[in-house]
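These notes concern the structure reproduced below.
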Protein chains: 2
Amino acid sequence: METLPLLAPAAESDCCALSGRAALSPSEAQARARILKALSDPNRLRLLSIVKAGDGGEACVCDLTEPLDLGQPTVSHHLKILVDAGLLHREKRGTWAYYSLVPGALEAASESITAL
Amino acid sequence: METLPLLAPAAESDCCALSGRAALSPSEAQARARILKALSDPNRLRLLSIVKAGDGGEACVCDLTEPLDLGQPTVSHHLKILVDAGLLHREKRGTWAYYSLVPGALEAASESITAL
């Protein structure tokens with residue numbers, strides 16, 4: 001702190017006067033929390049790991065139900081949350097929907113934690 | 001995939017037989033989701049950003065209430081969640097409690113997203 005006199009330790013009476021400027025803005029915090037919330041579920045993390053490991057970086061919805069031992073509606077619900085959060089891309093081809101990671105999305109979410 | 005014959009594309013009839021092995025284990029997914037859940041709240045992200053920017057990498061609880069415009073019980077509730085998740089360290093000194101980041105914890109949470 002020696003080189004930043006404006007942020008020198010404040011007297012007890014005004015301990016809170018300067019701290020607000022360090023906080024992440026409310027809108028930025030909201031945006032980051034929204035993505036992290038989509039990631040904060042074990043089944044969704046497992047779905048992402050399967051998609052990431054899939055051939056060509058994608059997975060058919062038919063590959064996603066059995067490994068998680070969940071019903072199709074539950075898997076679809078989790079996949080929709082991941083698509084809505086901008087983490088997964090969905091493409092319908094023939095009978096099945098195929099899911100792939102949105103390029104850079106996991107890296108951005110990861111950075112949103114370290115770059116607080 | 002050419003170098004990993006065991007993971008070669010499966011025929012449609014057994015499309016799900018191999019995909020399970022790619023998934024994060026349930027216990028690992030649960031552990032990661034727990035930490036990410038603690039991070040998936042805008043007020044908690046803002047609290048962490050203030051602590052991170054604090055003098056000596058710590059912040060007095062008296063610095064954390066005003067910038068967020070929340071009551072003391074709400075701030076304490078959020079801080080407890082961050083401590084319980086292993087993200088914040090709490091130390092009582094005199095009248096006030098002081099919070100600091102647990103070294104490496106944000107980096108580990110960040111990596112838990114990219115290393116799926």
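The values are calculated or read from the model by the stated rules, or taken from the named source; none is laboratory data. Keep in mind that this is a model prediction, so the values were computed, not measured. Note: ideal-geometry Cβ built from the backbone for every residue, glycine included; neighbour counts use all protein chains shown. Areas reflect the complete protein model, heavy atoms only, side chains present, ligands, DNA and RNA absent. Shrake-Rupley method; radii C 1.70, N 1.55, O 1.52, S 1.80 Å.
For the reader, a short list of remarks on this structure follows.
- Inter-chain Cβ neighbour count for B:61-71, averaged per residue, equals 3 (cutoff 10 Å, partner chain atoms only).
- Calculated label separations, A:Asp55, copies of the chain, 7 Å along the beta-carbon direction, nm: 6.2
- Residue pairs, from the table A:Lys52/B:Lys52; A:Lys37/A:Lys80; A:Lys80/B:Lys80; A:Lys37/B:Lys92; B:Lys52/B:Lys92, whose Cα atoms sit over 20 Å apart: A:Lys52/B:Lys52; A:Lys80/B:Lys80; A:Lys37/B:Lys92
- Distances in nm from B:Glu66 to the matching label points in the other copies, shortest first (labels 7 Å along Cα to Cβ): 6.1
- Accessible surface buried at the A:B interface totals approximately 3800 Å², computed with a 1.4 Å probe on protein heavy atoms.
- Accessible area in square angstrom per residue, the stretch A:42-116, 1.4 angstrom probe: 45
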